[in-house]
Each structure stands twice: as C-alpha cells, then as structure tokens.
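Only one structure is covered here, and it is reproduced in the block below.
The values are calculated or read from the model by the stated rules, or taken from the named source; none is laboratory data. Note that this is a predicted model, so its numbers are computed, not measured. Note that we place each Cβ from the backbone using ideal geometry, even for glycine, and neighbour counts take in every protein chain shown. Just so you know, the surface numbers come from the protein's heavy atoms only, side chains and all, with ligands and any DNA or RNA stripped out. Shrake-Rupley method; radii C 1.70, N 1.55, O 1.52, S 1.80 Å.
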Amino acid sequence: MNFLEERIRKDGIVKPGHILKVDSFLNHQMDIALLDEIGREFKRRFSDVPVTKVLTIEASGIAIAYPVAREFGVPMVFAKKSKSINIEGEMYVAEVESFTHKNKNQVIVSKKFLSPDDHVLIIDDFLANGCALQGLISITESAGATVEGLGIAVEKGFQIGGKIIRNLGYRLESLAIVDAMDPETGAITFREQP
C-alpha cells in the first residue's frame, strides 16, 4: 500500500452515492507534506517525458498540480470554470460535467498560456467519469500542444473514467485506485498497482 492509500484508509470517509471524502487532507484542508509527496511521486512517474506545463482545473486540482509543477520547474496553468472580467483575449474552451457537483461547466484557458511547443502533464485530484480530463485533453490538443500524460491522485476504478482515458491511448497514472467502497462499513478496496 502506498502513502496516499494509507492516508485515505486512515482519514478518508466513504459516503453513500460513491462519494469518498478526503476534505480533511486533500481538497478542503490540505496536508502540505502530503501534497509535496504527491508532487515528488508524479515527478518520479513522469520523469521519462518532457514537461513544459502542468495543466489542471479549478479548484481542487490546483493544490495537487502546484507541487507537481514545482517538482518539474515549470508553470502550472489551471482551467477556469467561468469567464471573469480579468481574462482577456482568445481562449480555449471545453465543456465538462462534474461528477461531484452534478453540473456542467465551460472551462477556459487563455490562448497565451498554451502553445504548440508545449508538452503538457495534466493533473487532477479525482477521476470518476473522465469528463474533466477529456475537457483538459481537448483544450491541450486545441492549442496544438502534446499531452505527455495524465496524473490523478484518486481514481474511482469502479467508474468508467479511467477505462475511457486509457482506451483513448493516453498514459494515465493514478496514485490510488479505489475499486470498491462500502458506506456502511467504511471499507475501501484499492487496486493492486506495480
């Protein structure tokens, strides 16, 4: 069992509806030492590919992507979920559906932050149905940039997202893959990984 699986087993809370709450250490209150370890692990896993940008989606992805970008020594870009008055110029846009929030958002990235010269590592906190990742892939490819890989902190292996992304031919690395959760007992079953 790896460091993230151990922490999920210790502090994660399983709720009905396939919800895994990790808000005490990953996406509301954040354990900075854990995030630093996540950054180092993604750097180790993707050290064989060129990375010029780390791309994520607001808001929960930012905390995961930041230490990864720091480890690679590259900028982090995050897709915004709404157009604000301080974003100007042309933008890449993709529609994504949130499993957690049960809604659709248009996400945007300014065209000045992604170019055909970029080699992008996409990072996010959770993978359920794969819509957020597909949106970030779409934005990256619209820019003419190269998707070098996708890194996820927690993949819900019992949902379709991981299979979709892998079947599309992308390299997907998940630090913890949850194969089953029982809200009555709180039991979590993790997939064995090499």
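Comparison of 184, 192, 155, 173 shows that the only residue that is at pLDDT below 95 and under 19 Å from residue 42 (Cα atoms) is 192. Being of a type in the set (Val, Ile, Thr), surrounded by 12 or more Cβ atoms within 10 Å (Cβ to Cβ), over 21 Å from residue 165 (Cα atoms) and at pLDDT below 95: is that true of residue 87 here? Judged against the criteria, residue 87 is a match.
Of all the residues in the stretch 26-39, those that are without any contact (Cβ under 8 Å) to a residue 40 or more places away in the chain, surrounded by 14 or more Cβ atoms within 10 Å (Cβ to Cβ) and under 16 Å from the mean Cα position of the chain (by Cα) number 6.
Residue 142 falls short of the stated requirement of being hydroxyl-bearing (Ser, Thr, Tyr) and open to solvent by less than 60 Å² (accessible area, probe 1.4 Å). For the stretch 43-84, a residue qualifies if it is small (Gly, Ala, Ser), open to solvent by less than 20 Å² (accessible area, probe 1.4 Å) and closer than 21 Å to residue 143 by Cβ, and the qualifying residues are 61, 65, 69, 79.
Scanning the stretch 39-51 for residues being among the β-branched types (Val, Ile, Thr) and under 18 Å from residue 133 (Cα atoms) gives a total of 1. Number of residues in the stretch 42-69 that are of a type in the set (Asp, Glu) and at pLDDT 95 or above: the value is 1. Report whether or not residue 105 is of a type outside the set (D, E, K, R) and out of contact with any Asp or Glu (no Cβ under 8 Å at 6 or more places or on another chain). So residue 105 fails the test.
Evaluated against (1) touching a residue at least 12 places away in the same chain (Cβ under 8 Å); (2) assigned to a strand (DSSP E or B), residue 68 falls short on exactly one condition, (2). Residues of the stretch 127-154 that are closer than 18 Å to residue 95 by Cα and part of a loop (DSSP other than H, G, I, E, B): 128, 129, 130, 143. Within the stretch 104-126, count every residue that is assigned to a loop (DSSP other than H, G, I, E, B) and open to solvent by less than 10 Å² (accessible area, probe 1.4 Å). Adding up the residues that qualify gives 1.
Of all residue pairs spaced 6 or more apart or on separate chains, those with beta-carbon atoms under 7 Å, a first member in the stretch 173-194 that is acidic (Asp, Glu) and a second member that is open to solvent by 60 Å² or more (accessible area, probe 1.4 Å) and in a loop (DSSP other than H, G, I, E, B) are 179/158; 179/191. The set of residues in the stretch 45-62 that are touching a helix residue (DSSP H, G or I) at 6+ places or on another chain (Cβ under 6 Å) and closer than 18 Å to residue 32 by Cβ comprises 54, 56.
The residues of the stretch 1-12 that are modelled with pLDDT of 90 or more and either within 16 Å of residue 174 (Cα to Cα) or surrounded by 14 or more Cβ atoms within 10 Å (Cβ to Cβ) (or both), listed by number, are 2, 3, 4, 5, 6, 7, 8, 9, 11, 12.
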